[in-house]
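Following: one structure in structure tokens, then a few remarks.
The values are calculated or read from the model by the stated rules, or taken from the named source; none is laboratory data. Note that this is a predicted model, so its numbers are computed, not measured. Cβ atoms come from the backbone with ideal geometry, glycine included; neighbour counts cover every protein chain shown. Areas reflect the complete protein model, heavy atoms only, side chains present, ligands, DNA and RNA absent. Shrake-Rupley method; radii C 1.70, N 1.55, O 1.52, S 1.80 Å.
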Amino acid sequence: MAIPVSARGAQTRSAILQAAYDLFISQGYHGTSMRQIAQAAQVALGGLYNHFTSKEAVFEAVFLSFHPYHQVIPVIQAAHGDNLEELVQDVFRGMVQVVESQPDFMNLMFIEVVEFKSVHTQKLFTNLFPQELDILQRIAGSYPEQIRSIPSPMVIRTFLGLFFGYYLTETGLAPAAPQEFRHNSIQYFVDVYLHGILVHPESGQSSGSLKG
């Protein structure tokens, strides 16, 4: 039975994206040509241009197809905890696990930041922001008495800052750092994010749950 034209087109596109992903990871953006992508995907160069008009168009499709957000959003939606702190820790751990399962994606992020000044990331964020805001508002609605009156967009921004700060220091610094730099790192990051580093002025103790 013949494969429908639409299915063949989807298979070809998938092969192109996988080939391009592998080449961008191993050779970088400028080190990869459209001809190399076509050869690796086993399609004619003209066939490649039938799917993508330029190498940047290929990169954008690769970036969006392999972006961890596909797995991160369901992880956030499925997170649970008996209180807000446990919920945030579950979200944070899930996000870390997703990104750690795709370590090569950081190579694409480097290309995205250096070569394209994060233009594709900005477009993606614009599309995802309403969904992120909806998730945050549902979480806040479950714990209204525990969350300060902070603009929701700023809560999202600071949480993303927390996550990327953790991931970059974990991958870039932790392997060479002393044990104290790594011990209970996720718990500390979440605790400091939620409670800060200052001692509570009345009790003389931090409002967080971690002890040294």
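The condition of being farther than 30 Å from GLN146 by Cβ and assigned to a helix (DSSP H, G or I) holds for only one of ILE111, ILE76, that being ILE111. What about GLN71, is it in contact (Cβ under 8 Å) with a residue 40 or more places away in the chain, in a helix (DSSP H, G or I) and surrounded by fewer than 18 Cβ atoms within 10 Å (Cβ to Cβ)? No; evaluated as a whole, the condition is false for this residue. Exactly one residue out of GLY94, GLY81 is open to solvent by less than 30 Å² (accessible area, probe 1.4 Å), under 22 Å from SER152 (Cβ atoms) and in a loop (DSSP other than H, G, I, E, B): that is GLY81. The residues on offer are ALA2, ALA44, and the sole one that is surrounded by fewer than 13 Cβ atoms within 10 Å (Cβ to Cβ) and either modelled with pLDDT under 90 or within 30 Å of VAL155 (Cβ to Cβ) (or both) is ALA2. For the stretch 78-107, residues that are under 15 Å from the mean Cα position of the chain (by Cα) and of a type in the set (D, E, K, R) total 3.
Output the residue which, of all residues in the stretch 108-125 that are touching a residue at least 40 places away in the same chain (Cβ under 8 Å) and closer than 10 Å to GLU60 by Cβ, is nearest to the chain's Cα centre (by Cα). For the stretch 108-125, the residue satisfying everything is LEU124.
Pairs linking a residue in the stretch 190-207 that is over 19 Å from LEU84 (Cβ atoms) to a residue that is open to solvent by 70 Å² or more (accessible area, probe 1.4 Å) and at pLDDT 90 or above, with Cβ atoms under 9 Å and 6 or more positions apart or on different chains, do not occur. Being buried (at least 19 other Cβ atoms within 10 Å of the Cβ), at pLDDT 95 or above and farther than 30 Å from TYR188 by Cα, is that true of even one residue in the stretch 7-14? Taking every residue of the stretch 7-14 in turn, none turns out to be buried (at least 19 other Cβ atoms within 10 Å of the Cβ), at pLDDT 95 or above and farther than 30 Å from TYR188 by Cα.
Note on the stretch 107-129: residues that are open to solvent by less than 80 Å² (accessible area, probe 1.4 Å) and farther than 16 Å from LEU64 by Cβ amount to 1. Say we look at the stretch 33-71 and pick out the residues that are within 24 Å of the chain's Cα centre (by Cα) and among the polar types (S, T, N, Q); which of these is nearest to LEU160 (Cα to Cα)? It comes out as GLN71.
Total residues in the stretch 146-181 satisfying the condition of being of a type in the set (A, V, I, L, M), under 18 Å from VAL72 (Cβ atoms) and surrounded by fewer than 13 Cβ atoms within 10 Å (Cβ to Cβ): the figure is 1. Just for the stretch 141-170: of the residues that are of a type in the set (D, E, K, R) and not in a loop (DSSP other than H, G, I, E, B), which one is farthest from the chain's Cα centre (by Cα)? Applying the filter and picking the extreme gives GLU170.
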